[in-house]
Structures are given as C-alpha cells and as structure tokens.
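The values are calculated or read from the model by the stated rules, or taken from the named source; none is laboratory data. Everything numeric in this text was worked out from a predicted model, so none of it was measured. Cβ placement follows ideal geometry from the backbone for every residue including glycine, while neighbour counts extend to all protein chains displayed.
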Amino acid sequence: MLQKIIIQCKYEGDQRASYNWGSLFHGFLMRVLPAETAALLHESVLRPFSQYVRPLGTQQLAWNIGLWDADIAECIVQAVMPLSRIELEQKGIILEVCGVQRITLTETEYFNRFFMCQNPCRRYEIEFLTPCTHKQNGNYALFPSLELIVGSLSRRYSAFVQDISLDDSNVMQEAANHMRIVRYSLRSAVYYLDNTKITGYTGKITLVLNGPEQLARLSGALLSFAEYSGLGIKTALGMGGVRVNQVS
C-alpha cells in the first residue's frame, strides 16, 4: 500500500519556517517511533519512507510523509496520526497540529491508473518542492539527468513491488532513453544538514515519454512513485520532496 500523511501545523514566535526544518522533523520522528524501529531505520541503507517540510505562510507549515513499506508504514502511522503537538528541540519551538490528512492507495488502485487507462499519459511535470540532487562521480548534480532520475526511483520502486519491476539495468536504460526533458524552470538551492551545505535545485521540469505503449505506462508509474519515495539523496531527511502531475 502507498500512503501520504500531511500534517498541518502552526506555531508562535518570530522564526520563519523553512524546508531546512526537514532534518529536525526527521529527528522528531525518530524520537516518537519505538526504539527498535528507529534503530532498524538507522541501519537501513534504503530508507523505506520519505518526508519533507513546506512552509504554508506566516507561522504555518505542512509536514509531508510518504510511505510504501507496509511494516515500517504501520509503525510511522501509529506514531504520527495521534499527534497534537510537535517539539523541535533545536529550535525551541512547539508546534500545534491543526490538521492531519492520510491518503492511501492499494497497489492495484495505483497501477490501474497507468495500466488500465485507454491511452497512456506521455507528458509529466515534476515539481521539486525541496532541494533535490544526486551524487555523481563524487559531486552533487546541479541539474537533473534522466539517467539519475530513473536510477534513483527504480531502487525504491523495486523495493515496493516485485512483479512490475524496473530492477533490471536494460529496462532502466530503455526507460531513460525514451524520456526527454522538453521544458524546465530550475534554480539552484541549498539544503543545510547539520554542519553540511548541500547544493541542489528546485523548480520544475516537463518530461515527454516516447517509445512503446507499455514502456510509457511503466515509466509513468515509476515517475509518479516519486511523490511517495522522494527523488535523489537524503529523502528521509527532507530533501527531494516532489509533486508529479500528468500533463494533457
């Protein structure tokens, strides 16, 4: 099952909310999870969830969590759904939870969107809501490439589903080869993580999917999965939060 949890918060004080608070919310999440679950997540190479923060206005923000691993998802749901307040110790702020939205999709419901429609969508817009980047040759990528996007998503996607998988280098390459960036509006953006400054990008890109119909359907399912998994590096710490839209 795929899940999104959106927690709306408000707080008092003069501090301005920022997407950089994502790492603080990650720390809070680890504190409210059972100790054994938090330890398991710390040891995991591939974090089975994503989360990021979006400011909504004066003293308001939304905490977005994407889930696709059933066991971990249940632990996170039980930890965050009852919350009435969130304490960010490093900021000295206590946020009041003023709204919680939980959106769920079964695997069948998700894949029906792509494989049961009459004609596959061949145009997608990806909006990078928090800074996104990929590690490439020891450096942080300052522009999204199709190979990096497909590679990042396929690893998480393959952990989510086995029978409609892109866990194959030839299929991944075919998917990337039949995508094309036709429009972009990007700017560099910095994400502060502890004492580290990571430079990536935010903004939008529009992709066109060419090639066989079945590949277009599979690529659409892969790209849309980014709303749950995040895109790029540090997605559990607040980076790579995206919105994916089909464009007619």
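General remarks:
- Restricting 56, 29 to residues that are at negative phi, surrounded by fewer than 15 Cβ atoms within 10 Å (Cβ to Cβ) and in contact (Cβ under 8 Å) with a residue 40 or more places away in the chain narrows the list to 56.
- The sole residue among 109, 147 that is in contact with a helix residue (DSSP H, G or I) (Cβ under 6 Å, 6 or more places away or on another chain), free of Cβ contacts under 8 Å to residues at least 40 places away in the same chain and not basic (Lys, Arg) is 147.
- Output for the range 92-106, where each listed residue is out of contact with any Asp or Glu (no Cβ under 9 Å at 6 or more places or on another chain) and loosely packed, with under 15 Cβ neighbours inside 10 Å: 92, 98, 99, 101, 102, 103, 104, 106
- Which listed residue, of 46, 67, is exposed (fewer than 13 other Cβ atoms within 10 Å of the Cβ), of a type outside the set (Val, Ile, Thr) and under 14 Å from the mean Cα position of the chain (by Cα): 46
- Strands (runs of 3 or more DSSP E) fully within the range 61-158 counting 3 or more residues that are farther than 21 Å from residue 185 by Cα, modelled with pLDDT of 90 or more and of a type outside the set (S, T, N, Q): 85-88, 93-105
- Of all positions in the range 202-213, none carries a residue that is assigned by TED's automatic domain parsing to the domain that holds residue 140, of a type in the set (S, T, N, Q) and assigned to a helix (DSSP H, G or I).
- Filtering the range 226-244 for residues that are in a strand (DSSP E or B), at pLDDT 95 or above and surrounded by fewer than 20 Cβ atoms within 10 Å (Cβ to Cβ) leaves a non-empty set.
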